[in-house]
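The values are calculated or read from the model by the stated rules, or taken from the named source; none is laboratory data. Because the structure is a prediction, the values reported are computed rather than measured. Here Cβ is always computed from backbone atoms with ideal geometry, including for glycine, and neighbour counts include all displayed protein chains. Heads up: the accessible areas ignore ligands, DNA and RNA and are worked out on the full protein's heavy atoms, side chains in. Shrake-Rupley method; radii C 1.70, N 1.55, O 1.52, S 1.80 Å.
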Amino acid sequence: VSMAPCQVVCLAVIGRKNNPLFLRCYAEDADELRFHYVIHGALDVFEESSRASQTDPFLGLLYPSVDHRVYGYVTTSNMKLVAVTNDGDTRESDIRGLLVRAHGLVVDAVSNPFYVPGQPISSAGFETRIRKLVNALSAP
Amino acid sequence: MAASREVAESCLDLLAIEIVHHLIANEAAHEPAGAKFEAIGFSVGQRLAERLSTTRPPFTDTLDVMKFVCKEFWYELYRKQVDNLRTNHRGVYVLQDNRVRWLSRIAPPAGDRSASGSCDPSTIAPIYAHFPCGLIRGCLATFGIDAVVSAELSSQPACQFTIKIPLLPATAATTGQRAPSQVPPQAPPQGRIMQPSPQ
């Protein structure tokens, strides 16, 4: 287990019909396509958990990956939030807090009357706030 | 958390009145005023449902969603719950609200108030009813339910909303019965099992 600080390298918001609404990589050397695959693979875990009638929106660690950890969160309206972190010193409660706050930001972005539900979220304010949230977790 | 900002409720009432007048004045042949108001309601309903469902556990079935609409959703909008919910368990739900806010403020039809056609209450009231229809439809859409919502104004200010949810083809075939949630257990195929060779 490496002792490097935990860092969120990627955050994604996926809509009801499994369409991506928002995906941002926050690592310097990130290969965005690879994260698309990682998150696509995570969707299967969401399907399984929905069939298992889970009441807690935070699904925890979705599946182990080579050098990443993938955490999931599903809302009552079936929107999915996925956070990918590096293999650092992670505490699930921190990730849970991050995803809960990210959910609040997504609801705010959706409430924008100029936003068309189902389309990718293109609000600059949303991006700034999400980035601040991610940085707050990474900072020691 | 930032302090929640509040607006007087009468502002919403006045806004609704002005929207209806504006829509009637600019009514185009292909886009009746009621349909536009319903579309506004749909948009608002989607976003409000998203916001109100943040702290809720997932819904178990459609009836659960309807109860949410009748209780929390309606309370948030009109500070009261829906008075009556009926269903035939085949995808049709009827919501009864005995005192819809905006309809209760419309003056009863007067003798000759027809200075301009738009002042006639009997034509205006149904347009007001389109907005809650859109709200319900938007709320259901957020949870993945495609429905058709219509309103009946039998006696003002009471209003009845009829929600038709198309059933899945499997359930529609078996009339009145719920689709079996489990596949009936099948007998294990006996013939294929290799019998252990007798020693």
Give me a count of the residues in the range A:30-52 that are of a type in the set (Gly, Ala, Ser) and more than 14 Å from every other protein chain (Cβ to nearest Cβ). 3
Count, please, the residues in the range B:60-79 that happen to be at the interface with chain A (Cβ under 10 Å from one of its Cβ atoms), touching a Lys or Arg at 6+ places or on another chain (Cβ under 9 Å) and not in a helix (DSSP H, G or I). 0
In this structure, does B:Gln160 turn out to be surrounded by fewer than 13 Cβ atoms within 10 Å (Cβ to Cβ) and either assigned to a loop (DSSP other than H, G, I, E, B) or at pLDDT 50 or above (or both)? no
Filtered residue count, the range A:7-42, keeping only those that are free of Cβ contacts under 8 Å to residues at least 40 places away in the same chain and buried (at least 21 other Cβ atoms within 10 Å of the Cβ): 0
Hey, does the range A:108-122 have a residue that's open to solvent by 30 Å² or more (accessible area, probe 1.4 Å) and in contact with a helix residue (DSSP H, G or I) (Cβ under 6 Å, 6 or more places away or on another chain)? yes
Would you check which residues across the range B:98-117 are open to solvent by less than 80 Å² (accessible area, probe 1.4 Å) and either among the hydrophobic types (A, V, I, L, M, F, W, C) or at pLDDT 85 or above (or both) and list them? B:Val100, B:Trp102, B:Leu103, B:Ile106, B:Ala107, B:Ala110
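Here is a yes/no grid of residues against (1) of a type in the set (Gly, Ala, Ser); (2) free of Cβ contacts under 8 Å to residues at least 40 places away in the same chain; (3) closer than 19 Å to A:Ala30 by Cα:
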position: A:Leu61; (1), (2), (3): no, yes, no
position: A:Asp67; (1), (2), (3): no, yes, yes
position: A:Val70; (1), (2), (3): no, yes, yes
position: A:Thr76; (1), (2), (3): no, yes, no
position: A:Lys80; (1), (2), (3): no, no, no
position: A:Val84; (1), (2), (3): no, no, yes
position: A:Gly88; (1), (2), (3): yes, no, yes
position: A:Ser93; (1), (2), (3): yes, yes, no
Criterion first (farther than 27 Å from A:Thr55 by Cα, open to solvent by 40 Å² or more (accessible area, probe 1.4 Å) and not basic (Lys, Arg)) does B:Ser4 satisfy it? yes
Any idea which residue in the range B:43-59 is farthest from the other protein chains (Cβ to nearest Cβ), counting only those that are surrounded by fewer than 20 Cβ atoms within 10 Å (Cβ to Cβ) and not in a helix (DSSP H, G or I)? B:Thr55
B:Gly91 touching a strand residue (DSSP E or B) at 6+ places or on another chain (Cβ under 7 Å), more than 14 Å from every other protein chain (Cβ to nearest Cβ) and small (Gly, Ala, Ser): yes
The range A:41-97: number of residues that are of a type in the set (Val, Ile, Thr) and farther than 25 Å from B:Gly144 by Cβ: 5
Set A:Tyr63, A:Tyr71: member being within 30 Å of B:Thr62 (Cα to Cα), assigned to a strand (DSSP E or B) and aromatic (Phe, Trp, Tyr): A:Tyr71
Let me confirm something: among A:Val82, A:Val107, which residue is more than 26 Å from B:Phe42 (Cβ to Cβ) and either among the hydrophobic types (A, V, I, L, M, F, W, C) or assigned to a helix (DSSP H, G or I) (or both)? A:Val82
Of the residues in the range A:53-100, those that are surrounded by 15 or more Cβ atoms within 10 Å (Cβ to Cβ) and within 11 Å of another protein chain (Cβ to nearest Cβ) come to A:Gln54, A:Pro57, A:Val74, A:Thr75, A:Thr76, A:Ser77, A:Asn78, A:Met79, A:Val100
Can you name every residue in the range B:62-88 that is over 23 Å from B:Glu9 (Cα atoms) and without any contact (Cβ under 8 Å) to a residue 24 or more places away in the chain? B:Asp64, B:Lys67, B:Asn84, B:Leu85, B:Arg86, B:Asn88
Flagged in the range A:88-140 as within 26 Å of A:Leu61 (Cβ to Cβ), among the polar types (S, T, N, Q) and in contact with a strand residue (DSSP E or B) (Cβ under 8 Å, 6 or more places away or on another chain), in numbering order, are A:Thr90, A:Ser138
So which residues in the range A:123-140 are under 15 Å from A:Pro20 (Cβ atoms) and either exposed (fewer than 11 other Cβ atoms within 10 Å of the Cβ) or not hydrophobic (A, V, I, L, M, F, W, C) (or both)? A:Glu127
Determine which single condition A:Phe35 fails, assuming it passes every other condition in (1) under 18 Å from A:Thr90 (Cβ atoms); (2) part of a loop (DSSP other than H, G, I, E, B). (2)
